[in-house]
Amino acid sequence: MKYLDLAMNAAEKLGVEYADIRIQKTTEQVIFLQNLSLKHTSNNVLQGFGIRVFKDGAWGFAHSNVFSDEAVLATVKKAVETATLSAEVNKTKKLRLAPERSYISTYKTPVKIDPFSVPVSEKIDLMMEVSRTMLAYEGIKKTLLIMIMHKDEKLFASTLGTRLDLTTQFINPMITAVAVTESDSQSRTFDEGGRAVGWEWILELDLIDKAKQIAEEALIKVKADTLGAEERRSLVLDPNHLGLTMHESVGHATELDRVLGWEADYAGVSFATPEKLNNYHYGSELINFVGDNTLEGGLATLGFDDDGVPGQKWYIIKDGILKEYGSTRDTALEIGLIASRGCNRATYYFNQPINRIPNLYLLPGTKPLTPGELIADTEDGIYIQGRGSYSIDHHRINFQFGGDFFWEIKNGKLIRPLKKVIYKSCNPEFWNSCDAICDERFWRPFGVVNCGKGQPPQTGRMTHGSSTARFRNIRVGGSQ
Amino acid sequence: MNSEKIVQYIQKHCIADDWTLNITKDDSHETRFAQNVITQHIAGAMKEISLSVSFGSKAGSCTVNQDDEESLAYLVKTAEEIAKLAPEDPEFVPSAGKMDIPEIVNCDPQTKALEPKQLVDIVQNSINRAKTYGATVSGLTEKHIETNGLFTKNGFSGEYEKSDFGHSMTLKKDEVETKVAYEAKNFAAFNLETLLEKLFNQASTLAVKQTFEPQKIAVLLRPLALQELFWFMGWMMDRRYADEGITPFTDQLGKLFLGEKFSWFSTYKQPTLLAPPFTSDGIIAEEIPWVEKGVLKNLSTSRYWAKKIGSKPCNNYNMFIPGEGYTEEEMLQMVPRGLIVNSFWYIRSVDVKAGEFTGTTRDGVWYFENGKIQYAVNNLRFNEIPHTATKRIIATGISELANPSSLLPAMLIDNFNFVDKTSF
């Protein structure tokens, strides 16, 4: 597109060290059903461009939704003016960009059936049937169903000579059943957090079967016992639950911008500081976390990040030891890295990209082990499925997590369902207490599509994954 | 294309039985700094045009951010196509009709006139002062001018402008971390020196910390901490969810369900408070008591639920909690010992039916005894039920602006339930 060259030429003429332009069209279809009332069905299209310039050790970013030569040139000028103002402040400490080569490339999320090609009526019919299935259970008083289909089409150019054409997308179905009794209400949710795939995934999921399962489990949960006083017990955590646990306690803790204090005013900092690299026992020797922006179906598998850096795969924690971070071009050199890991991403065209968690997953155990065998090997513990309440401090150390469905384990057996279970732990206690991880047959990915970070706030997406794993001697109890 | 022309286009081209048009514009400037360096700097204007249409009770929506005729044609066509494919909605309500919209001043000309250079000067001055103090500072300096318009086929027509200026600073010196912030619709009341003085005072009292074990203890929650806690409770104060038995507010309307020292209003009569005159679906701002001396008076009610139960729709658009006027010093004398909490972080629901939440303290916790602050302590985690905590209110302070939408006092609350501690 002509605006790419127009913007880059104009920026170079204005004497910037680096500039890029991201022309982005985001198309989103959202269907929201509550019981049998279709609360919201919409198609949203947001398009525009963001121009980022780097001058005298400082960024300037300006955006516009007007596509014309005049608007592009005015936006370049505004970005340069903004960077010039920043540079005055940064005189004594300049930002630096890690070197990167140029690329001319395309990337497209592989999909078999484009969700946007499926008629809206077919999606609504499916969701209505799913909702009816849950409401047919006596005691299910409310159902909530959300289906999000999201596509980003980006053209990216930089003064390095990079030219990228990227089309990425994901789909995220979520269904919730709420059971209500005289004294309590409890919900159960099916939510795999979204996946960068097509409608074929929805067809494979069998949402009707999932609806039956969560409705039945919501009814079990609302009548279930509570756990009582906090004690130290074993936890067996399923991959969906672990997805959010690793997101909060490892993913955010190893974003390099937090480590550098760039998020100190809002999202917080990180205890996992650079002097801990290559020597800090983040977890037991079973713990291997990989950053992987090439993961098939991964929500952060985008071909390139918004610095124009290609997707990569690297160890963040290896054999329990902290090895590296998720980094960007403007953070990497601060700790002596020679290049970015490609984790700079923006949500919409009007957002300046920020350091994001990559697709981050826990490698499976290397010895054959099934979830059933793991539970059979556990004398006294709690098995947690799904995501519930989660809260972690602003240094990413102390946390309290709930879940969506709970079973008490006694002598290797699931003896009774529970509700309102919470556990408290901290880094590095939690990941060092891991003594068993099921093997690769049971490894499953789970996405996060609503990761809030930044000022102004942005919503990021990435995929996590693991097999079911066990953690010993964790403080577990019932809520008040 | 201005709003009037967009409305005219929809009136001319939309063939649906009913429609609701929302037009939002935001012109903003955001300067983000960290560790004494500007790390992000953003300028630009945005516009979003959303159209919801219906044929009978079959509804569909579309949003675009371009206002040329081709984009508006797509907007109308897409919304209409979706609506035609949708099933009948048993909870459908027609769009809002013509209403008297209260005149509320939400936009401050001085805020609107702020130039990027003025914002950057505030950042520069903050960094210079932090350096002199031997510290680093991180924060956000921002200005937003936002316009919201709502127009319907049934005659609702309104547009209002609001301004927002914010400057936050988190100071870091050795192990000390603490934050102050100003955010309001009016720039006039902003005083950087006052804010910096507060920041350095807070920092100086946090230099030496002692370990404090979690326990139930009296706590003086400063306005920002209280706002964060009650905002989450407010999120649960929904009439439908109460009537359906999901939240703790089921069957509690009209009853003394909270503490008698606790009242909460939404109001457009407090000049410093931001008060949008209407919601995106046309609920008009009114003077609403949510809780009055502990009695649950109202719960947020959607237009559909109001119609179903024969009530009036209402929306919790801001938080005004009146205080008794005690100073912090006076309140510290009222209990033998306790903690002062500056703010909370990462509050999340633990149990919806019980109304229980968890979260941690942030930016400063101090232990006091015999009416005086003794020393700073580590951060703590709480598990607490805010509506029952209001029954333990001992005293309240002077209402002050915690953010543009919240005017509330510090509160001294007994037996606040801290359950865990952090290592910092």
Check your understanding: For the subset of segment A:53-77 comprising residues that are farther than 15 Å from residue A:18 by Cα and part of a helix (DSSP H, G or I), which member is nearest to the other protein chains (Cβ to nearest Cβ)?
Key -> A:75
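Go through the residues of segment A:374-382 one by one and say whether even a single one is in contact with a Gly (Cβ under 9 Å, 6 or more places away or on another chain), assigned to a loop (DSSP other than H, G, I, E, B) and not hydroxyl-bearing (Ser, Thr, Tyr).
Yes, segment A:374-382 contains a residue that is in contact with a Gly (Cβ under 9 Å, 6 or more places away or on another chain), assigned to a loop (DSSP other than H, G, I, E, B) and not hydroxyl-bearing (Ser, Thr, Tyr).
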**Study point:** Members of segment B:8-38 that are surrounded by fewer than 17 Cβ atoms within 10 Å (Cβ to Cβ) and not acidic (Asp, Glu)
**Key:** B:8, B:11, B:12, B:13, B:15
Point to revise | Every residue from segment B:152-178 that is within 14 Å of chain A (Cβ to nearest Cβ) and β-branched (Val, Ile, Thr) | key: B:170, B:176, B:178
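If you scan segment B:363-381, which residues turn out to be part of a strand (DSSP E or B) and surrounded by fewer than 17 Cβ atoms within 10 Å (Cβ to Cβ)? Before you say what the answer is, go through the steps one by one.
Quick first cut of segment B:363-381, residues part of a strand (DSSP E or B) only: B:363-369, B:372-377, B:380-381.
Listed by number, the residues that qualify are B:369, B:372, B:373, B:374, B:375.
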Check your understanding: Could we say that residue B:48 is part of a strand (DSSP E or B), more than 7 Å from chain A (Cβ to nearest Cβ) and either buried (at least 20 other Cβ atoms within 10 Å of the Cβ) or at pLDDT 95 or above (or both) here?
Key -> yes
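Would you check if residue A:320 is in contact with a helix residue (DSSP H, G or I) (Cβ under 8 Å, 6 or more places away or on another chain), under 25 Å from residue A:364 (Cβ atoms) and not aliphatic (A, V, I, L, M)? Reasoning before the result, please.
Numbers: in contact with a helix residue (DSSP H, G or I) (Cβ under 8 Å, 6 or more places away or on another chain): yes; under 25 Å from residue A:364 (Cβ atoms): yes; not aliphatic (A, V, I, L, M): yes.
Taking the combined requirement at face value, the residue satisfies it.
May I ask you to verify whether residue A:186 is within 14 Å of chain B (Cβ to nearest Cβ) and within 26 Å of the chain's Cα centre (by Cα)?
Values: within 14 Å of chain B (Cβ to nearest Cβ): yes; within 26 Å of the chain's Cα centre (by Cα): yes.
Judged against the criteria, residue A:186 is a match.
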Revision key, fill the gap. Exactly one of B:166, B:158 is buried (at least 16 other Cβ atoms within 10 Å of the Cβ), farther than 30 Å from residue B:424 by Cβ and among the small types (Gly, Ala, Ser), and that one is B:158
Study note, to complete from the structure: Taking segment B:26-57 and keeping only residues that are under 14 Å from residue A:63 (Cα atoms) and charged (D, E, K, R), one is left with B:26, B:27, B:30, B:47
Review point. Given (1) in a helix (DSSP H, G or I); (2) hydrophobic (A, V, I, L, M, F, W, C); (3) at the interface with chain B (Cβ under 8 Å from one of its Cβ atoms), where does residue A:38 come up short, assuming only one miss?
Key: (1)
Practice item. Scan segment A:409-449 residue by residue and report those that are within 20 Å of residue A:463 (Cβ to Cβ) and either outside any strand (DSSP E or B) or of a type in the set (Gly, Ala, Ser) (or both). Key: A:431, A:438, A:440, A:441, A:442, A:443, A:447
Check your understanding: With A:140, A:148 as the choices, which residue is surrounded by fewer than 20 Cβ atoms within 10 Å (Cβ to Cβ) and either of a type in the set (A, V, I, L, M, F, W, C) or touching an Asp or Glu at 6+ places or on another chain (Cβ under 9 Å) (or both)?
Key -> A:148
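Quick check on my filter: what residues within segment B:382-396 are outside any strand (DSSP E or B) and more than 20 Å from the chain's Cα centre (by Cα)?
Applying the first criterion (outside any strand (DSSP E or B)) to segment B:382-396 yields B:385-392.
Within segment B:382-396, B:388, B:389, B:391, B:392 meet the criteria.
If the requirement is being over 30 Å from residue B:382 (Cα atoms), charged (D, E, K, R) and crowded, with 24+ Cβ neighbours inside 10 Å, which of these qualifies: A:341, A:356? Please lay out each step first, then the result.
Values: A:356 fails: over 30 Å from residue B:382 (Cα atoms).
So the residue among A:341, A:356 that is over 30 Å from residue B:382 (Cα atoms), charged (D, E, K, R) and crowded, with 24+ Cβ neighbours inside 10 Å is A:341.
Can you find even one residue in segment B:142-164 that is over 30 Å from residue B:51 (Cβ atoms) and either assigned to a strand (DSSP E or B) or touching a helix residue (DSSP H, G or I) at 6+ places or on another chain (Cβ under 7 Å) (or both)? Give the steps one after another, and end with the answer.
Quick first cut of segment B:142-164, residues over 30 Å from residue B:51 (Cβ atoms) only: none.
No.
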Point to revise | residue A:284 touching a Cys at 6+ places or on another chain (Cβ under 7 Å), in the same structural domain as residue A:315 (by TED's automatic domain parsing), outside any helix (DSSP H, G or I) and farther than 30 Å from residue B:249 by Cβ | key: yes
Check your understanding: When you scan segment B:1-33, how many residues do you find that are over 20 Å from residue B:279 (Cα atoms) and either in a loop (DSSP other than H, G, I, E, B) or more than 24 Å from the chain's Cα centre (by Cα) (or both)?
Key -> 13
Check your understanding: When residues of segment B:53-99 are filtered for being within 16 Å of residue A:38 (Cβ to Cβ), more than 8 Å from every other protein chain (Cβ to nearest Cβ) and assigned to a strand (DSSP E or B), how many remain?
Key -> 4
Review point. Can you pull out the residues in segment B:349-380 that are facing chain A (nearest Cβ under 10 Å), under 22 Å from residue B:422 (Cα atoms) and free of Cβ contacts under 8 Å to residues at least 24 places away in the same chain?
Key: none
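Just name the residue that is surrounded by the most Cβ atoms within 10 Å (Cβ to Cβ) out of those in segment B:246-273 that are without any contact (Cβ under 8 Å) to a residue 24 or more places away in the chain and within 14 Å of chain A (Cβ to nearest Cβ).
Among those residues, the one meeting the criterion is B:250.
Among B:161, B:177, B:197, which is the only one that is among the acidic types (Asp, Glu), touching a Cys at 6+ places or on another chain (Cβ under 6 Å) and assigned by TED's automatic domain parsing to the domain that holds residue B:124? Even if it seems obvious, please write down each step before you answer.
Working: B:177 fails: touching a Cys at 6+ places or on another chain (Cβ under 6 Å); B:197 fails: touching a Cys at 6+ places or on another chain (Cβ under 6 Å).
Just a single option satisfies the conditions, and that option is B:161.
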**Study point:** Unique match (being crowded, with 16+ Cβ neighbours inside 10 Å, modelled with pLDDT of 95 or more and assigned to a loop (DSSP other than H, G, I, E, B)) among A:97, A:46
**Key:** A:97
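Test residue A:308 against the stated conditions and say whether it is more than 14 Å from chain B (Cβ to nearest Cβ), in a loop (DSSP other than H, G, I, E, B) and surrounded by 24 or more Cβ atoms within 10 Å (Cβ to Cβ).
Working: more than 14 Å from chain B (Cβ to nearest Cβ): yes; in a loop (DSSP other than H, G, I, E, B): yes; surrounded by 24 or more Cβ atoms within 10 Å (Cβ to Cβ): yes.
Here the answer is yes, as residue A:308 does meet what is asked.
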Study note, to complete from the structure: When segment B:100-118 is checked residue by residue, the ones that are within 12 Å of another protein chain (Cβ to nearest Cβ) and free of Cβ contacts under 8 Å to residues at least 60 places away in the same chain are B:115, B:117, B:118
Check your understanding: Going by the conditions given, is residue A:416 surrounded by fewer than 20 Cβ atoms within 10 Å (Cβ to Cβ) and in contact with a Ser or Thr (Cβ under 6 Å, 6 or more places away or on another chain)?
Key -> no
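The values are calculated or read from the model by the stated rules, or taken from the named source; none is laboratory data. Quick caveat, the model's predicted, so the values are computed rather than measured. Virtual Cβ from ideal backbone geometry, glycine too; neighbours counted across all protein chains shown.
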